Amino acid sequence: MIRVGVISDTHGLLRPEAAAFLRGCDSIIHCGDICDSQVLDALARIAPVSAVRGNNDTGGWASGLRESELLRIGALHVYVIHDISQIDIDPAAAGVAVVLSGHSHRPHVASRQGVLYLNPGSAGPRRFKLPVSIAELRIEGEAVQPRIETLAPGAA
């Protein structure tokens, strides 16, 4: 089994609860709006990191980040993009099993045309009344089990 941590919209804040949740992951995927290279450095001390650039990721440190990534994890193809409205492929036709995104700060899991869509929500500063959350994928062969974890429901 492969355990993949999925985090997004940290906006420069890596909460200790998020770091604790990610410990033991085989890899970590950040879905953008990182806002500080130190967040990626801290995540890389936990597990290997893949990340995409979000609309708030500016400056020289973010220039090496792509707007989307197509990753192979085990037997699966995983497509990562910050804003799902900017997706530029047909995931089902491309053989993608999982699409990961961020941007909305709303945790969400859905399945369409045999493709799993996961937004882990925001693990950074709380926005409006949305939860502070993070997610994981447990992958075994071609089976994927997503889980969203609320980190700090009352955090300001």
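The values are calculated or read from the model by the stated rules, or taken from the named source; none is laboratory data. If you're wondering where the values come from, they're calculated on a predicted model, not measured in any experiment. Please note: Cβ atoms are built from the backbone with ideal geometry, for glycine as well, and neighbour counts cover all protein chains shown.
Applying a threshold of 6 Å to beta carbon distances and a minimum spacing of six or more residues, or different chains, the list of pairs starting in the range 56-83 at a residue that is touching a residue at least 12 places away in the same chain (Cβ under 8 Å) and closer than 18 Å to I28 by Cβ and ending at one that is of a type in the set (S, T, Y) and in a loop (DSSP other than H, G, I, E, B) reads I81/S101. Of the residues V109, V98, V78, the single one that is closer than 15 Å to Q145 by Cα, among the β-branched types (V, I, T), surrounded by 12 or more Cβ atoms within 10 Å (Cβ to Cβ) and touching a His at 6+ places or on another chain (Cβ under 9 Å) is V98. Hey, among the residues in the range 101-139 that are closer than 19 Å to T10 by Cα and among the basic types (K, R), which one's modelled with the highest pLDDT? Among them, the one singled out is R106. Only one entry in G60, G54 is farther than 27 Å from A143 by Cβ and either at pLDDT below 95 or surrounded by fewer than 16 Cβ atoms within 10 Å (Cβ to Cβ) (or both), namely G60.
Read through the list (1) in contact with a strand residue (DSSP E or B) (Cβ under 8 Å, 6 or more places away or on another chain); (2) within 25 Å of F21 (Cβ to Cβ); (3) not aliphatic (A, V, I, L, M); (4) not in a strand (DSSP E or B), then give the number of the only condition that S50 fails. (4) is the only condition that S50 fails. Within the range 4-26, the residues that satisfy the criterion of being over 11 Å from A123 (Cβ atoms) and surrounded by 18 or more Cβ atoms within 10 Å (Cβ to Cβ) are V4, C25.
Conditions tested, residue by residue: (1) in contact (Cβ under 8 Å) with a residue 40 or more places away in the chain; (2) under 13 Å from L100 (Cβ atoms); (3) not charged (D, E, K, R).
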| position | (1), (2), (3) |
| --- | --- |
| I2 | yes, no, yes |
| D9 | yes, yes, no |
| L13 | yes, no, yes |
| P16 | no, no, yes |
| L22 | yes, no, yes |
| D26 | no, no, no |
| I29 | yes, yes, yes |
| V39 | no, no, yes |
| L43 | no, no, yes |
